[in-house]
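The structure appears right after this line, and notes come after that.
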Amino acid sequence: MLLLQQEQYAKQREEEERKRAAEERRREAQKLFDETDEDGNGTLDVEELQELAKKMGVNLSLEQAQEAFD
């Protein structure tokens, strides 16, 4: 019985950690988005998308960024 409780506790802790990590990633993504959304309108235009990709280490050409909007 004790082993079962320990396993349940470990699973619960793992789930809590997974949720915490996911929330941290969401906050980081939102911060990056907000920093990139230069006009503050809550959306990204082609140039802002290109800048966001650059901040994430992705080399996105203007043409590639435009394709995301087509």
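Quick note: the coordinates plus some simple rules give every number you see, no bench work behind them. Note that the structure is a prediction, hence the values are computed from the model and not measured. Glycine gets a Cβ as well: all are built from the backbone with ideal geometry, and neighbour counts include every protein chain shown.
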For a distance above 12 Å, tell me the whole-number percent of Cα pairs in the range 19-67 that qualify.
63
Using alpha carbons only, how many degrees (0 to 90, rounded to 10) separate the axis of helix 2-36 from the longest principal axis of the chain?
10
How much length would be gained if the chain were fully extended between R27 and Q66, taking 0.36 nm per residue of separation minus their Cα-Cα distance, in nm to one decimal?
11.4 nm
If you take the alpha carbon radius of gyration of the range 1-46 and divide it by 2.2 N^0.38 Å, what ratio comes out, to two decimals?
1.97
Run the helix sum for the chain: -39,500 (n - 2.57) per DSSP H stretch of 4+ residues, divided by residue count, reported at 222 nm to the nearest 500 deg cm²/dmol.
-24500 deg cm²/dmol
What nm value, rounded to one decimal, do you get for the distance between D39 and L2 when each label is placed 7 Å out toward the C-beta?
6.6
